[in-house]
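The values are calculated or read from the model by the stated rules, or taken from the named source; none is laboratory data. What you see is a predicted model; the values in this text were computed from it and never measured. Here the Cβ is made from the backbone with ideal geometry for all residues, glycine too, and neighbour counts use every protein chain on show. Surface accessibility is based on the protein's heavy atoms, side chains included, excluding ligands, DNA and RNA. Shrake-Rupley method; radii C 1.70, N 1.55, O 1.52, S 1.80 Å.
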Number of protein chains: 2
Amino acid sequence: MRQNSQLSGVLHILLHMAELDGPVTSDRLAKMMKTNPVVIRRIMAGLRENGLVQSEKGHGGGWRLTRGLSEMTLLDIYKALGEPAVFAIGNRTESPTCLLEQSANASINQALKDAEDVLLARLRAVTLEDLKNDVGDQVRDLRHWNDHDSTA
Amino acid sequence: MRQNSQLSGVLHILLHMAELDGPVTSDRLAKMMKTNPVVIRRIMAGLRENGLVQSEKGHGGGWRLTRGLSEMTLLDIYKALGEPAVFAIGNRTESPTCLLEQSANASINQALKDAEDVLLARLRAVTLEDLKNDVGDQVRDLRHWNDHDSTA
DNA sequence: TATCATGTAATATCATAAGTTACATGATAG
DNA sequence: CTATCATGTAACTTATGATATTACATGATA
């Protein structure tokens with residue numbers, strides 16, 4: 001099954017935007033993401049409607065974050081993307097008349113809902129600031145590992 | 001995103017098989033499921049490899065359950081299907097060199113893993129027998145609802 | 001030995017995400 | 001003013017994977 005990687009892609013975009021001064025053009029982001037500027041605009045349009053970014057036309061225009069990284073959770077971004085389907089698993093029939101199939105679907109749906117609740121709770125608990133800080137941790141971990149390795 | 005509905009379909013198939021005496025042909029199952037017999041065989045082949053069903057060729061042949069409904073959990077069936085991808089959400093790049101993207105992916109993956117653990121735990125807790133019994137509950141609920149409705 | 005059923009490879013169909021093209025709208029520099 | 005730059009967006013193309021179909025092989029039974 002094909003996977004939707006918009007969330008992963010958008011996080012990447014936003015973290016890079018936060019590192020740059022001033023607005024960033026769709027062309028520049030597209031090069032960073034190795035994709036087409038129109039794809040960037042489509043994604044960013046959703047974020048703009050949810051107030052996470054703003055856009056400016058003309059010379060010196062582009063995209064800009066409207067809040068600090070610590071004020072954007074992964075859940076905010078997921079919602080801004082239109083809450084794309086979480087699961088690759090679904091029901092064969094939407095409203096089956098067969099009672100057995102209804103029962104099977106109900107059970108699957110309950111399990112999926114419980115899992116989705118956990119997922120959204122996790123996304124709500126992480127901000128973009130956390131992700132940025134994690135990079136520092138990773139670098140530190142790496143250095144520690146290297147130190148350990150070279151002294152062993 | 002397109003959804004994989006094999007789990008839902010297979011539960012439906014197995015519950016019907018348990019209701020019928022003797023082996024059931026792929027053709028008959030295909031008609032029940034409004035699909036093609038080859039699709040049924042493909043799915044059932046996976047279940048057979050995991051010992052959940054057995055097949056017999058020739059006259060009077062077909063598919064048969066190898067255990068009682070109470071000895072088959074939804075997790076057993078999920079595994080027999082080859083543990084298909086649970087999530088429609090994925091990473092944009094498998095092994096990104098960008099540290100920011102690594103951090104974003106790591107966080108998403110952790111959230112997905114937590115959710116997957118919950119999902120599998122739920123699937124492990126439900127047997128086909130439970131699903132069959134749930135049908136009774138639904139019928140009772142419906143009757144209760146109708147009683148309530150008609151006496152209100 | 002004719003018929004029935006599974007086994008399976010090869011191919012076709014269909015839905016959807018992602019990518020591309022083309023052109024409209026609006027802002028700014030000169 | 002107008003040339004340029006940037007977003008806005010509709011229409012179209014491409015790529016991918018799930019599902020469906022066809023065709024034929026294998027094995028069991030009446």
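A few points about this structure:
- Over chain B, relative contact order from alpha-carbon pairs under 8 Å, at least 6 apart, %: 23
- For chain B, a Kirkwood hydrodynamic radius built from all Cα pairs, placed in the Stokes-Einstein relation at 10 °C and 1.306 mPa s, yields a translational diffusion coefficient of 87 µm²/s.
- Solvent exposure, largest accessible area first (probe 1.4 Å, DNA, RNA and ligands not counted), of A:Ser5, B:Ser8: A:Ser5, B:Ser8
- HN-Hα J in Hz across the range A:97-110 - Karplus 6.51, -1.76, 1.60, θ = phi - 60°, x for Gly and Pro: 8, 5, 5, 5, 5, 4, 5, 4, 4, 4, 5, 4, 4, 5
- Largest accessible area first, the residues A:Lys132, B:Lys31 order themselves as B:Lys31, A:Lys132 under a 1.4 Å probe with ligands, DNA and RNA left out.
- B:Gln3 long-range amide H proximity, modeled H, under 5 Å: none
- Using θ = phi - 60° and Karplus 6.51 cos²θ - 1.76 cosθ + 1.60, couplings along the range B:113-127 (whole Hz; Gly, Pro as x): 5, 4, 5, 5, 4, 5, 4, 5, 4, 5, 5, 5, 8, 10, 9
- Total lysine pairs whose alpha carbons fall under 29 Å of each other in chain B (8 or more apart, or interchain): 10
- Two-site FRET efficiency, A:Asn133 against A:Ala45, from Cβ-Cβ distance with R₀ of 25 Å, rounded to 0.05: 0.30
- Net charge in the neighbourhood of A:Thr73 (other residues with Cβ under 13 Å of its Cβ; Lys, Arg +1, Asp, Glu -1) is 0.
- Both radii come from the Cα set of the protein assembly as shown: Rg as radius of gyration, Rh as Kirkwood radius; their ratio Rg/Rh reads 1.10.
- In this structure, B:Ser70 and A:Arg124 have a Cβ-Cβ separation that, at R0 = 51 Å, corresponds to a calculated FRET efficiency of about 0.85.
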